[in-house]
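Undergrad: I have a structure here, written as structure tokens, and I will follow up with some questions on it.
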Amino acid sequence: MAERILKTAEALMVERGYSAFSYADIAEAVQIRKPSIHHHFPTKAGLAAAVLRSHRERLIEATEQLDQQIANPWKRLQAYVQHWEGCIRRQTVPFCVAALMGAELPSLPEEVQIEVHLHFSALGKWMEQTLKAGVKAGVIKLQDSVATEAQTLMAIVHGSMLSARATGGCDVFQIVTTGALKRIAAAKH
């Protein structure tokens, strides 16, 4: 039951943001009573933090799989971007919940803010490691520091998600992220 509550809360957070969903919305969607939700997640902030923690854990697992399955670091970044492109096109998860919560950061409870920071830290660390490996392998060329390039790529991916949401289509996401990946691609990749 806790997993169903988490998945429903994540979908509602992506759809509406933190402030615009309630336990009543979750109870209706999952078809349980609100006290059952409170049993698993006593507070909304605790629930949102759990959603973000789960999202970060999936990110870490997925990036570890990319590291193991794709030797070429540039292609790993491409696979990461293509994952989000597929989510947006299929409308399965059309927006990174951590990025969306980042937009609401000043109004979020502290425990939720902490989880947003941890997500961005984990993603930034993976991107930095991947960019460094790509430079070493000769498949990525950087125009700035590794840290700056990692933050730039994250901002482009998340900003493109926002543009895709605003335009109602995935084309802008695909065009912008493809351009970002081309910008850092070395001649051989």
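The values are calculated or read from the model by the stated rules, or taken from the named source; none is laboratory data. Quick caveat: nothing in here was measured; it's all calculated off a predicted structure. Because the Cβ atoms are built from the backbone with ideal geometry, glycine has one as well, and the counts that use them run over all protein chains shown. Each accessible area value is taken on the protein alone, full model and side chains, heavy atoms only, with ligands, DNA and RNA left out. Shrake-Rupley method; radii C 1.70, N 1.55, O 1.52, S 1.80 Å.
Undergrad: Restricting attention to helices (runs of 4 or more DSSP H) lying wholly within the stretch 2-62, give those where 2 or more residues are aliphatic (A, V, I, L, M) and under 20 Å from the mean Cα position of the chain (by Cα).
TA: Answer list for the stretch 2-62: 2-16.
Undergrad: Separate question: I need the full set of residues from the stretch 106-119 which are crowded, with 19+ Cβ neighbours inside 10 Å and either of a type in the set (Phe, Trp, Tyr) or in a helix (DSSP H, G or I) (or both), in order please.
TA: Val112, Gln113, Glu115, Val116, His119, listed by residue number.
Undergrad: Also, I was wondering about something else. Select, from Ala79, Ala62, Ala122, Ala103, the only residue that is open to solvent by 80 Å² or more (accessible area, probe 1.4 Å), under 17 Å from Val157 (Cβ atoms) and either touching a residue at least 60 places away in the same chain (Cβ under 8 Å) or not acidic (Asp, Glu) (or both).
TA: Sole residue among the options that is open to solvent by 80 Å² or more (accessible area, probe 1.4 Å), under 17 Å from Val157 (Cβ atoms) and either touching a residue at least 60 places away in the same chain (Cβ under 8 Å) or not acidic (Asp, Glu) (or both): Ala103.
Undergrad: Continuing with this model, one more query. With surrounded by fewer than 19 Cβ atoms within 10 Å (Cβ to Cβ) and either closer than 22 Å to Ala103 by Cα or of a type in the set (Val, Ile, Thr) (or both) as the only criterion, which of Ala50, Ala24, Ala20 stands out?
TA: Just one listed residue meets the conditions, Ala20.
Yes/no per residue for (1) at pLDDT 95 or above; (2) over 18 Å from the mean Cα position of the chain (by Cα); (3) of a type in the set (D, E, K, R); (4) closer than 16 Å to Cys87 by Cβ:
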| position | (1), (2), (3), (4) |
| --- | --- |
| Gln151 | yes, no, no, no |
| Val157 | yes, no, no, yes |
| Leu162 | no, no, no, yes |
| Gly168 | no, yes, no, yes |
| Lys182 | yes, yes, yes, no |
| Lys188 | no, yes, yes, no |
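Undergrad: Also, quick follow-up: Can you find even one residue in the stretch 141-149 that is open to solvent by less than 10 Å² (accessible area, probe 1.4 Å) and of a type in the set (A, V, I, L, M, F, W, C)?
TA: Taking every residue of the stretch 141-149 in turn, none turns out to be open to solvent by less than 10 Å² (accessible area, probe 1.4 Å) and of a type in the set (A, V, I, L, M, F, W, C).
Undergrad: Let me ask you something else. For the stretch 63-103, which residues satisfy the criterion of being among the polar types (S, T, N, Q), in contact with a helix residue (DSSP H, G or I) (Cβ under 8 Å, 6 or more places away or on another chain) and assigned to a helix (DSSP H, G or I)?
TA: Thr63, Gln78
Undergrad: What is the residue count in the stretch 65-74 for residues that are surrounded by 15 or more Cβ atoms within 10 Å (Cβ to Cβ) and either in contact with a Cys (Cβ under 9 Å, 6 or more places away or on another chain) or over 22 Å from Val93 (Cβ atoms) (or both)?
TA: Residues in the stretch 65-74 being surrounded by 15 or more Cβ atoms within 10 Å (Cβ to Cβ) and either in contact with a Cys (Cβ under 9 Å, 6 or more places away or on another chain) or over 22 Å from Val93 (Cβ atoms) (or both): 3 in total.
Undergrad: Going by the conditions given, is Gly159 among the small types (Gly, Ala, Ser) and outside any helix (DSSP H, G or I)? If you could, list the steps in order and put the result at the bottom.
TA: Working: among the small types (Gly, Ala, Ser): yes; outside any helix (DSSP H, G or I): no.
Here the answer is no, as Gly159 does not meet what is asked.
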